[in-house]
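Step one of this worksheet: look at the structure below.
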Amino acid sequence: MSTIAENIAKVGVRIREAAQASQRDCASIGLLAVSKTKPAEAIRQAFSAGTHDFGENYLQEALDKQQELSDLALTWHFIGPIQSNKTKSIAEHFSWVHSVDRLKVAERLSAQRPAHLPPLNICLQVNVSGEASKSGCSPDELTALAQAVTQLPNLQLRGLMTIPEPTDDPTEQRAAFARLRELQQGLHLGLDTLSMGMSHDLEAAIAEGATWVRIGTALFGARDYSKPV
């Protein structure tokens, strides 16, 4: 097995053990491989090891990889901050967008989603920790945003996403993820997706109901941000 395949197997064990500890069905938790800054060959290796869902933050980098890997049956998720001038390409080339945090972006994605494609799966990003440096709507803005997005054609609101303030304290980790779960339940929209948890805190996220864990470093190693994106 390649190193990436070995890492995928190790993360799979962590997910299964966390699911078992929380008495959850492991099949309800998806592994989203965060492949930003990683070469197409790394994605190809991950696909060969059974991973099909990949998350990208940088649009042009993602489009280049999609073209290079067009022979593979991959599902692409956009998980980075969204600039209005990039919504058209995102709407055309991704199946999921986890990082919608304002209505203008949702409206543009809806209007620009090609008619021949199924509705774009949407998660609303919520800034549960209130960090000024983080994207995401505030919890107070969430209800109005969610209600508006449900009315847009060509989009399917699936759930919520968050990137909480980093901490090594499992209690604090769980509190942030519990907050997102409670916010989703409070919407009463029958949403089925909680995109939360990364390499360092996936166990806490699964304990609080994560359905996608976004894993990069534990699969592909540290990222090299010196490369152009």
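The values are calculated or read from the model by the stated rules, or taken from the named source; none is laboratory data. Note that this is a predicted model, so its numbers are computed, not measured. Methodologically, a virtual Cβ is constructed for each residue, glycine included, from the backbone with ideal geometry; neighbour enumeration extends over all protein chains shown. Just the protein is used for accessible areas: all its heavy atoms, side chains included, with ligands, DNA and RNA removed. Shrake-Rupley method; radii C 1.70, N 1.55, O 1.52, S 1.80 Å.
The Cβ shell under 11 Å around Asp101 holds other residues with a net charge of +2, Lys and Arg each +1, Asp and Glu each -1.
Each stretch of four or more DSSP H residues adds -39500 (n - 2.57); spread over every residue of the chain, this sum gives -12500 deg cm²/dmol at 222 nm.
Per atom type, the range 102-229 shows carbon and sulfur on 51% of its accessible surface, probed at 1.4 Å. Of Thr75, Thr171, Thr162, the order by accessible heavy-atom surface (1.4 Å probe, DNA, RNA and ligands excluded), from most exposed downward, is Thr171, Thr75, Thr162. Largest first, the three principal axis extents of the alpha carbons in the range 160-229 are 43, 27, 18 Å in whole numbers.
Could you calculate the contour length gain from Leu117 to Ala148, that is, 0.36 nm times the residue separation minus the distance between their Cα atoms, to one decimal place in nm? Don't skip to the end; give the middle numbers.
Numbers: separation 31, 0.36 × 31 = 11.16 nm, distance 2.15 nm.
Full-extension gain reported as 9.0 nm.
Most tightly packed first, judged by the mean number of other beta-carbon atoms within 10 Å of their residues, the peptides 174-187, 140-153, 117-130 read 117-130, 174-187, 140-153.
With an a/c value of 1.5 or above and a/b larger than b/c for the gyration tensor axes a ≥ b ≥ c computed over the alpha-carbon atoms, the range 14-63 is described as prolate.
Tell me the net charge near Ala5. Cut-off is 15 Å between Cβ atoms, Ala5 excluded, with +1 for each Lys or Arg and -1 for each Asp or Glu. Mind showing how you got there, number by number?
Working: positive: Lys10, Lys38, Arg44; negative: Glu6, Glu41.
Neighbour charge sum, excluding Ala5 itself: +1.
The orientation-averaged shadow of the Cα convex hull for the range 63-159, equal to a quarter of the hull surface, comes to 6.6 nm². With distances taken between every two different alpha-carbon atoms, the chain has a Kirkwood hydrodynamic radius of 17.8 Å. Accessible surface computed residue by residue for the range 93-133, with neighbouring protein chains in place and a 1.4 Å probe, gives 42 Å² per residue.
Rolling a 1.4 Å probe across the protein heavy atoms gives the range 1-63 an accessible surface of 47 Å² per residue.
Determine the alpha carbon to alpha carbon distance for each of Lys10/Lys38; Lys10/Lys65; Lys10/Lys134; Lys86/Lys134 and list only those over 21 Å. All intermediate terms of the calculation are to be shown ahead of the outcome.
Working: Lys10/Lys38 19 Å; Lys10/Lys65 25 Å; Lys10/Lys134 29 Å; Lys86/Lys134 19 Å.
Result: Lys10/Lys65; Lys10/Lys134 exceed 21 Å.
With 0.36 nm allotted per residue and the present C-alpha distance subtracted, the Ser70-Glu41 stretch has 9.2 nm of extension available.
Model label points for Gln83 and Glu131, set 7 angstrom from Cα along the Cα-to-Cβ axis, are 2.2 nm apart. Summing +1 for each Lys or Arg and -1 for each Asp or Glu among the other residues whose beta-carbon sits under 14 angstrom from that of Thr87 gives +3.
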